[in-house]
Amino acid sequence: MSKTVLFWFRNDLRINDNPGINFSSKKGLVFPIYIHDEKSKIGSASKLWLHNSLLSLDKSLNNNLNFFIGNPLDIILSLCEKYNIENVVWNKSFEPKSIEIDSKIESALGKKNVAVDKFNASLLWEPESILKGDGTPYKVFTPFYRKGCLLFSSEPRKPVKITKHLDIFTPDQRNSINTLGLSDGKKWNGELVKHWDIGEVNATNKLEKFIKNGLSGYKKKRDFPAGQNNSMLSPHIHFGEISVNQIWHEIKKYPEDKDSDHFLSEVGWREFSYYLLYHFRNLPEDNFQKKFDKFPWKYDEKLYDLWKKGLTGFPIIDAGMRQLWETGYIHNRVRMIVASFLVKNLQIHWHYGRDWFWECLVDADLASNSASWQWVAGSGADAAPYFRIFNPVLQSKKFDPNGEYIRKYVPELSKTEAKFIHSPWEKENNEYIEPIIDLKSSREKALLFYNQISKS
């Protein structure tokens with residue numbers, strides 16, 4: 001009689017380059033499960049993506065994925081007892097709460113004489129393996145990536161393929177995916193999936209398309225939101241529909257140049273975010289630079305609401321926030337612009353921006369979201385200098401010179417001449433929203449506050 005291995009899917013929703021699945025396939029029958037922990041905080045947009053990603057994975061498994069909702073520890077222990085499972089396998093998560101949960105599950109299974117096997121399927125390098133010469137973690141990206149990862153560490157693991165046919169264990173009862181309640185989100189989510197092709201096959205196709213059409217010129221053109229030089233892979237990576245190892249080694253097949261190097265360094269920034277989260281577990285909540293604890297943030301509900309709705313009067317800001325609402329995504333350069341506007345011009349705490357992005361982004365990632373907001377706010381590790389305040393008008397002129405991006409997401413300005421598209425208030429008989437704040441005075445106030453906390 002074949003041994004049954006319980007495999008627990010998490011943010012690794014793929015069959016290819018899945019070390020845990022590959023290992024399980026060699027051990028016997030695979031019992032694939034997905035557990036939705038009700039206590040986990042997932043934004044509405046991410047829930048909808050997850051629902052559709054699980055549907056795609058289930059199809060790849062010939063509708064044999066088993067869905068559960070509740071406490072992972074209780075569910076896994078119950079399944080092991082019910083079906084005489086002697087081996088449980090999963091791919092590791094490097095988020096603090098997941099690490100804690102994993103430890104409890106492993107300990108409980110050990111007491112039941114159930115073997116546990118864990119693998120790294122989400123990062124190129126495990127965070128605990130990259131340290132400075134003095135044994136402490138890096139706090140600056142460039143030495144972390146160029147020295148710690150590329151120079152002193154081994155090459156990232158090559159993708160693995162299932163070497164044996166995947167034989168599936170079928171339990172006596174199977175819950176529907178609807179049990180998870182992931183598709184019961186806000187009404188606006190219903191239109192979101194129209195903008196995406198979700199699932200492992202689509203993720204692979206998107207990578208191929210990017211390499212063919214977007215990699216050349218990436219370094220120079222990636223900052224232009226209306227362009228075609230963005231991979232749009234981040235949500236696929238977050239949910240594990242494609243691995244960073246697959247991406248890394250696929251890019252490495254091509255001659256190394258400034259474009260491929262820059263693209264891989266962006267993958268490196270994701271690694272750095274997880275690295276920081278692993279070593280500094282309060283990153284999502286606490287200022288990395290403690291002096292920002294004294295910063296006199298203010299909260300203006302009206303201004304915050306106008307920012308969320310894309311009604312600030314600054315076209316590039318409004319385009320970005322409306323893109324976020326409509327598609328669950330916002331271009332990376334524009335993310336920095338809208339974030340800078342919130343925390344520096346409006347002086348609203350980065351926590352509020354973090355929370356809105358978490359609710360609306362399909363690529364909402366605890367590590368990247370936390371590290372990126374702290375980077376813009378100036379409070380993070382290797383953060384942008386606080387006095388670097390993105391001027392939305394200048395940024396708009398530089399990276400959306402003809403207003404293509406603005407016209408797409410702010411249809412009220414679709415017929416506005418190029419010379420007024422970035423600052424419509426300069427036009428006679430302006431019919432667009434008046435700016436909600438003065439850029440110059442708000443910038444001066446932000447710098448004044450920063451100087452005060454720097455001296456204290």
message = Criterion first (within 28 Å of Leu55 (Cβ to Cβ), among the charged types (D, E, K, R) and not assigned by TED's automatic domain parsing to the domain that holds Leu13) does Glu241 satisfy it?
response = yes
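Quick grid of which residues meet (1) of a type in the set (Val, Ile, Thr); (2) under 24 Å from Gly148 (Cβ atoms):
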{"residue": "Ile198", "(1), (2)": "yes, no"}
{"residue": "Thr204", "(1), (2)": "yes, no"}
{"residue": "Gly227", "(1), (2)": "no, no"}
{"residue": "Gln246", "(1), (2)": "no, yes"}
{"residue": "Lys258", "(1), (2)": "no, yes"}
{"residue": "Tyr274", "(1), (2)": "no, yes"}
{"residue": "Tyr278", "(1), (2)": "no, yes"}
query = Can you tell me which residue in the stretch 138-188 is surrounded by the fewest Cβ atoms within 10 Å (Cβ to Cβ), limited to those that are part of a helix (DSSP H, G or I) and of a type in the set (A, V, I, L, M)?
reply = Leu151
note = All conditions in (1) under 27 Å from Leu264 (Cα atoms); (2) modelled with pLDDT of 95 or more are true of Lys161 except (2)
remark   = Filter the stretch 189-217 for residues that are touching a Lys or Arg at 6+ places or on another chain (Cβ under 8 Å) and not small (Gly, Ala, Ser); the one that is surrounded by the most Cβ atoms within 10 Å (Cβ to Cβ) is Glu200
request  = Report yes if Ala339 is over 25 Å from Tyr450 (Cβ atoms) and of a type outside the set (Asp, Glu), otherwise no.
outcome  = no
task = Check Phe449, Phe390 and return the single one that is in contact with a Ser or Thr (Cβ under 6 Å, 6 or more places away or on another chain) and either crowded, with 22+ Cβ neighbours inside 10 Å or not assigned by TED's automatic domain parsing to the domain that holds Trp49 (or both).
result = Phe390
request  = Select, from Ile33, Ile21, the only residue that is among the β-branched types (Val, Ile, Thr), buried (at least 19 other Cβ atoms within 10 Å of the Cβ) and closer than 21 Å to Ile247 by Cβ.
outcome  = Ile21
query = Within the bounds of the stretch 309-326, is there any residue that is within 22 Å of Ser454 (Cβ to Cβ), outside the structural domain of His236 (by TED's automatic domain parsing), in a helix (DSSP H, G or I) and in contact with a Phe, Trp or Tyr (Cβ under 8 Å, 6 or more places away or on another chain)?
reply = no
note = Only one of (1) over 19 Å from Arg333 (Cβ atoms); (2) free of Cβ contacts under 8 Å to residues at least 60 places away in the same chain; (3) surrounded by fewer than 18 Cβ atoms within 10 Å (Cβ to Cβ) does not apply to Lys220, and that is (1)
query = Restricting attention to the stretch 30-60, which residues are at pLDDT below 95 and in contact with a strand residue (DSSP E or B) (Cβ under 7 Å, 6 or more places away or on another chain)?
reply = Glu38
inquiry  = Contact list please: Cβ distance under 8 Å, first residue in the stretch 301-315 and within 19 Å of Gly328 (Cα to Cα), second residue acidic (Asp, Glu), pairs at least six apart or on different chains.
reply    = Gly310/Asp318; Leu311/Asp318
inquiry  = Tell me yes or no: at least one residue of the stretch 125-135 is closer than 30 Å to Glu86 by Cβ and in a loop (DSSP other than H, G, I, E, B).
reply    = yes
message = For the stretch 119-155, give me the residue count where each residue is in contact with a helix residue (DSSP H, G or I) (Cβ under 8 Å, 6 or more places away or on another chain) and over 14 Å from Tyr275 (Cβ atoms).
response = 2
remark   = The condition from (1) under 26 Å from Ile69 (Cα atoms); (2) in a helix (DSSP H, G or I); (3) out of contact with any helix residue (DSSP H, G or I) (no Cβ under 6 Å at 6 or more places or on another chain); (4) of a type outside the set (Phe, Trp, Tyr) that Lys212 misses is numbered (1)
message = Name the residue that is surrounded by the most Cβ atoms within 10 Å (Cβ to Cβ), counting only residues in the stretch 356-387 that are over 22 Å from the mean Cα position of the chain (by Cα) and in contact (Cβ under 8 Å) with a residue 60 or more places away in the chain.
response = Tyr386
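The values are calculated or read from the model by the stated rules, or taken from the named source; none is laboratory data. Since the structure is predicted, the reported quantities are computational estimates derived from the model, not experimental observations. Reconstructed Cβ throughout: ideal geometry from the backbone, glycine too, with neighbour counts over all protein chains shown.
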